[in-house]
Amino acid sequence: MQIGFIGLGNMGMAMAKPLVKKGFPLIVFDLNPEAMTEMAKLGAQTAASCREVAQKSHVIISVVRDSAQNNQVLFGKDGVWEGISKDKIIIVASTVSPKYVQQLAQKAKEIGVHVIDMGVSDPSGPLHYQEACLTLMIGGEEEPVARCRPLFAAMGEHIFHLGPVGTGMAYKLVNNLSAIGNAAITRECINLGLKAGLDLDKMLEVMSVSSGGTCLQQIEVYMKKHGLKRPASKASGDTKLTNKDKKLALELAASVGAQTPIADFLSTLDLSVYDAYLTAKAQD
């Protein structure tokens with residue numbers, strides 16, 4: 001299968017690189033020319049538009065920020081919809097609402113196109129940010145999902161087909177809400193320790209092997225010990241993504257009548273008040 005890949009940010013790169021390295025014919029598009037050049041050096045073909053990606057691919061994977069960007073990729077000028085044809089597969093790996101992908105699947109069905117939603121997460125352990133070690137949460141009909149299983153195996157370590165279209169995103173939002181809550185309490189506790197004069201690295205190491213530890217501390221300790229660094233990203237961008245995912249998760253909770261008092265309270269907090277931890281991380 002010819003694979004099309006749109007969106008080469010940090011997560012997109014962690015998905016696209018193993019595909020081309022494992023021999024899948026890959027054509028890519030991103031607004032960042034440096035990302036396109038990097039993939040071309042690995043052997044990927046580059047496209048001039050999302051439409052060209054759709055025209056030349058059997059499977060099109062979209063990994064962009066949100067539903068607005070995904071709409072631009074699909075329905076904007078020179079978008080996927082202008083180049084798509086019957087029996088092709090669109091995989092939405094952006095974090096969007098279950099309702100969004102369900103509505104997209106209905107629209108695609110009218111022209112004979114299949115839609116799969118795929119929530120993507122880093123593994124909950126020390127292999128953080130390594131290629132081909134992702135968790136994939138997949139929603140879609142059995143036949144197109146079966147066609148794409150070789151791709152999933154190339155990109156992910158933990159692969160779950162969880163049900164019809166929309167379930168992948170639902171699982172992803174549940175996971176992300178848990179991660180957001182864990183991150184908030186972790187920052188609060190570490191901030192307390194720093195202001196009490198405790199050492200950041202020792203605190204993380206102690207917590208990572210104690211009852212108060214989470215995978216977040218384990219990852220921090222592992223990366224520090226092995227001299228690894230996270231991909232460069234802007235804190236403001238990270239905050240926007242966290243707020244977006246939190247909002248989507250709370251919308252899902254409201255739609256199914258689930259009570260989320262702790263998550264609701266988190267929505268009222270400005271987590272930047274944990275200045276000691278943030279300052280320590282900036283200087284690290």
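The values are calculated or read from the model by the stated rules, or taken from the named source; none is laboratory data. Since the model is a prediction, treat every value here as computed from it, not as a measurement. We place every Cβ from the backbone using ideal geometry, glycine too, and count neighbours over all the protein chains shown.
In this structure, Asp87 does satisfy being of a type in the set (Asp, Glu) and touching a strand residue (DSSP E or B) at 6+ places or on another chain (Cβ under 9 Å). For Gly112, the conditions (1) among the small types (Gly, Ala, Ser); (2) closer than 27 Å to Tyr171 by Cα; (3) buried (at least 16 other Cβ atoms within 10 Å of the Cβ) all hold with the exception of (3).
The number of residues in the stretch 153-169 that are hydrophobic (A, V, I, L, M, F, W, C), surrounded by fewer than 22 Cβ atoms within 10 Å (Cβ to Cβ) and touching a helix residue (DSSP H, G or I) at 6+ places or on another chain (Cβ under 8 Å) comes to 4. If you go through the stretch 109-149 and pick out every residue that is modelled with pLDDT under 95 and either over 21 Å from Asp245 (Cα atoms) or more than 14 Å from the chain's Cα centre (by Cα) (or both), you end up with 7.
Filtered by the rule that a residue be of a type in the set (Val, Ile, Thr) and either outside any helix (DSSP H, G or I) or in contact with a His (Cβ under 7 Å, 6 or more places away or on another chain) (or both), the stretch 153-209 gives Ile159, Val165, Val209. Checked against the criterion of being within 18 Å of Met36 (Cα to Cα), surrounded by fewer than 20 Cβ atoms within 10 Å (Cβ to Cβ) and among the hydrophobic types (A, V, I, L, M, F, W, C), the stretch 69-82 contains not a single residue that satisfies it. Cβ-Cβ contacts under 6 Å between residues 6 or more apart (or on different chains), taken from a first residue in the stretch 14-39 that is within 21 Å of Asp122 (Cβ to Cβ) to a second residue that is of a type in the set (Phe, Trp, Tyr) and crowded, with 16+ Cβ neighbours inside 10 Å, are listed as Ala16/Phe5. Within the stretch 83-104, restricting attention to residues that are among the β-branched types (Val, Ile, Thr) and in contact with a His (Cβ under 8 Å, 6 or more places away or on another chain), which residue is surrounded by the most Cβ atoms within 10 Å (Cβ to Cβ)? Filtering the stretch 83-104 for residues that are among the β-branched types (Val, Ile, Thr) and in contact with a His (Cβ under 8 Å, 6 or more places away or on another chain), the one surrounded by the most Cβ atoms within 10 Å (Cβ to Cβ) comes out as Ile90.
The set of residues in the stretch 1-34 being of a type in the set (Val, Ile, Thr) and touching a Phe, Trp or Tyr at 6+ places or on another chain (Cβ under 6 Å) consists of Ile3, Ile6, Val28.
Please specify each residue of the stretch 1-49 satisfying the condition of being in a loop (DSSP other than H, G, I, E, B), aliphatic (A, V, I, L, M) and buried (at least 19 other Cβ atoms within 10 Å of the Cβ). Scanning the stretch 1-49 gives Leu8, Ala44, Ala47.
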